[in-house]
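All remarks here apply to the structure that follows.
The values are calculated or read from the model by the stated rules, or taken from the named source; none is laboratory data. These figures come from a predicted structure and were not determined experimentally. Ideal geometry is used to build each Cβ from the backbone, glycine not excepted, and the neighbour counts take in all protein chains shown. Calculation scope for accessible area: heavy atoms of the full protein, side chains included, ligands and nucleic acids excluded. Shrake-Rupley method; radii C 1.70, N 1.55, O 1.52, S 1.80 Å.
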Amino acid sequence: MKKTFLYLIIFSILFFCATTHAELMHATVELKDRAVVIGAEEQIIEEIKEWAGSKKGISIEQFSDEIQKRYGDRVDLESFSTAGFAQLTFDLKVSVHIREGILSGKLPPIEGLSFQDASSVLTLFGYKAVKLEDFNSYSVQEKVKVFVDARGPVMVLSGTGAFDTVMVYTTVDEKDR
Amino acid sequence: MKRADKINLSVLVVLCVILSSAFAFAETRNITEENKKALANVVETMQQTEMMRVSRGRLKSNPVIYPFHTIYQNLIQNQNYLIKNHTESYANALSRLLIVREDFLPDAVSGKGKIILDYYKRELIRQYDLAPQFETVKTLLETNDVLERSRAGLDAIPIRARLAFDARRWAFVCFGSEELPEQFESRLDSLMREWKPAKDVFEVEESISELSLAYSELFVEISGEKGIGK
């Protein structure tokens, strides 16, 4: 009986450890030629931000080497290829009614679909779809993260019920392509 | 007459027959005139039928008109105006179809794209030609419906063409090749021919939304097959 109880406690502890993990936070650090999205525990992020603040001129290679040395795999780094964070703007490239976009050949057939299905179709063509209300609620850092994930234009879908408008947001780099 | 001369003569006769039959088949149709006559005939016939019907078998000099009075009056008195509007719809649809061709170059002029464009041009003629569509009408109201459906059908053809070309454009991106898979091509082909007849702007909107959704669902299926989404 005692043995079973002991096993139960051990399993509970193991289960608790397996399911509980520190929640990753995201923050953006501005370097000389890049904006870097850091995903890590809050405390680590604070340390990195403090350290990076004192070394503004550091390059991305030096930055990632230093982070790797200090924290190993506990930090996710995604660098964003832009000249500087100040220049990273979310330009509205085109805002088009969905029917108009399809009839002009600019959008794939996504009319009448739910957000989930439309998102699947857009993913098929390498686009990332975001709901307008989500996009508007994102902080700048989260928007950077969306663009980093998308690796290209981001399609922001809006509308009541079934969405009816698609806004294609790009970064400066994408727009110049 | 020598044998060689006889052969030459028979060849000449055969050529003449072929040539005359070719000219006979190549006779130009004036569909606008045909439409005008067909409308006049059908209205006259239906007018008689309606009079018989509404007066319980007795012919009267003035037909008894029910709530569709305006439609009846329009059909009886404004046939030239109706045909003019119908012809304008055809002309508009044709010019819009040519713009579609320009917008979807080079797809619209090569291979299957050219076949699609030719299909929609034939579909324009089919929608424009009223005589076959009048064959089944039984009342003046139905005659008016045929006219409305024909005009709405003409207006919708360039939009249907755009939906078809848009789907093809993105399908090429999706499959990344010059040729589309046969199964997918046949699905596109059946969607191209799909059209729920509509007789006013609201029904046209409904039909186009349904068609557009059908194209969208086809792409959802492809994304599913490629392991994206569902």
| query | Given labels modelled 7 Å from the Cα in the Cβ direction, how far is it in nm from B:VAL109 to A:GLU41? | reply | 6.6 nm
| Ignoring ligands, DNA and RNA, how much accessible area is buried between chains B and A, both sides summed, with a 1.4 Å probe, to the nearest 100 Å²? | 1900 Å²
| task | Assuming a ≥ b ≥ c are the square roots of the Cα gyration tensor eigenvalues, decide whether segment B:108-163 counts as rounded (a/c under 1.5), prolate (otherwise, with a/b larger than b/c) or oblate. | result | prolate
| note | A student asked for the Cα radius of gyration and Dmax of segment B:117-230 in angstrom ought to give 16.8, 54
| message | Per-residue Cβ counts within 10 Å, from other chains only, averaged over B:211-224: what number is that? | response | 6
| said: Going Cα to Cα from B:LYS199, which aspartates and glutamates come in below 18 Å? Please leave out same-chain ones fewer than 8 positions away. | reply: B:GLU88, B:GLU123, B:ASP129, B:GLU135, B:GLU142, B:ASP145, B:GLU148, B:ASP155, B:GLU210
| task | Could you name the aspartates and glutamates whose alpha carbon sits less than 19 Å from that of A:LYS69, not counting residues in the same chain fewer than 8 places away? | result | A:GLU41, A:GLU42, A:GLU46, A:GLU47, A:GLU50, A:GLU61, A:GLU78
| Apportionment of accessible area to carbon and sulfur, segment B:94-226, percent (1.4 Å) | 53 percent
| query | Given a Förster distance of 56 angstrom, what is the FRET efficiency for B:VAL173 paired with A:LYS49, based on the Cβ-Cβ distance and rounded to 0.05? | reply | 0.85
| Fraction of the pair-distance distribution of segment B:150-206 above 14 Å, Cα-Cα pairs, percent | 60 percent
